[in-house]
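I have placed the structure first, in the form of C-alpha cells, so that the comments after it can refer back to it.
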Amino acid sequence: METLRDILDAAAHGVLPPADGRTTVVPQDCARDAGVLAFTAHAVVFTDEDPDWIHRALRAVECDALAAPMNPGFLATLAERTGRTSETIDAMLVAAPLPGEAPLALKELAPGGIEDAGHSRVVYARGRRDEVRAWAADGGVLVTGRGIGGRLEVSVEVDEEARHRGLGRALVTAARHLAPEPLWAQVAPGNARSLRTFLAAGYRPVGSELLLRAP
C-alpha cells in the first residue's frame, strides 16, 4: 500500500500524484497528524477513518468535484468526524538540500536540550513536530523538525526590527544547507511576504494542505 511518506517523497522529487480528479485515502502516519493534501487535480486524505466514509462525504459536497477535498463543508465534516481542529489551509513548498555550509552565522539553541529554548517559534514547532532543532541568527530564528509523514520541515521568524533586510530569505536559504534531504515549508497564501521569501530562496510550490490536530 502506498503511504503518506511515499507520496511526499515522490512529490519532493517532482513526481506528483496523477492529475486524474481522484482522491487517495491513506492511513495516518502517527496519531497526532491527520489532514488533506491537494495537488493538481488529485487530493490525498490521510486519516484512520473509513475510506468509504471519506468518499461518501466528498460526493455529498455541493461543489466542483475537484474542489471538494478542500471545500470548507467537507473539512468541517471531517473535523467533526475525527474530533479534531484545524487552523488554516497552507501552500505546500519543498526545496532540495544545498551543499556546503550555510552562508549565514547561526548558533544552535540549547544543544542536547531543545526544551530549554523558550522562543515562541520553537515552542510552536515542538507541539507539531518531532526531532526539533533550532538556530539563532542576529535578528531571527530558524527551526526544523519532522512533521507529517516524517518529512523534514522548516519555519523561520524574523524580529520586527530586523525585517525588510533580506534576513528571512537568508534564513530559509541557510536551512537548505543544514538539511540532509528535501526540506518542506507550509505558508499561508495570505502571508505574501513569507511566500515571496520562500520562492526567492528556491522553494517550489507543489500543492496545498490542511492539518487536523487532535485535542
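The values are calculated or read from the model by the stated rules, or taken from the named source; none is laboratory data. Please read these numbers as outputs of a predicted model, since none were measured by experiment. No Cβ is skipped: glycine too gets one built from the backbone with ideal geometry, and neighbour counts run over all protein chains shown. What goes into the accessible areas is simple: the full protein's heavy atoms, side chains included, and nothing from ligands, DNA or RNA. Shrake-Rupley method; radii C 1.70, N 1.55, O 1.52, S 1.80 Å.
Couple of notes before you dig in:
- Degrees separating the helix 167-178 axis from the principal Cα axis of the chain, which is the longest one: 80
- Ranked by the mean number of other Cβ atoms within 10 Å of their residues, highest first, the peptides 37-43, 14-20 come out as 37-43, 14-20.
- Charge tally in the Cβ shell below 9 Å around GLN186, where Lys, Arg are +1 and Asp, Glu are -1, GLN186 excluded: -3
- In the chain, helices alone account for a calculated mean residue ellipticity at 222 nm of -7500 deg cm²/dmol, with every DSSP H run of four or more residues adding -39,500 (n - 2.57).
- Of all accessible heavy-atom area on the stretch 134-213, the percent that carbon and sulfur account for (1.4 Å): 50
- Gain on full extension, evaluated as 0.36 nm per residue between CYS30 and ASP138 minus their Cα-Cα distance, stands at 35.3 nm.
- Calculated from backbone phi, Karplus (6.51, -1.76, 1.60) coupling profile of the stretch 66-81 in Hz, x at Gly/Pro: 5, 8, 4, x, 10, 6, x, x, 5, 4, 5, 5, 5, 5, 5, 4
- With all protein chains kept in place, the per residue accessible area of the stretch 21-68 amounts to 49 square angstrom at a probe of 1.4 angstrom.
- Cβ-based net charge around PRO17, under 11 Å, with every Lys or Arg adding one and every Asp or Glu removing one: -2
- Spatial offset of the stretch 120-192 relative to the stretch 64-93 amounts to 24 Å, using the alpha carbon center of each.
- Neighbour net charge for ALA65 - beta-carbon separation under 13 angstrom, K R +1, D E -1: -1
- Taken about its Cα centre, the stretch 1-123 carries a charge dipole of about 180 debye when Lys and Arg each add +1 at the Cβ and Asp and Glu each add -1 at the Cβ.
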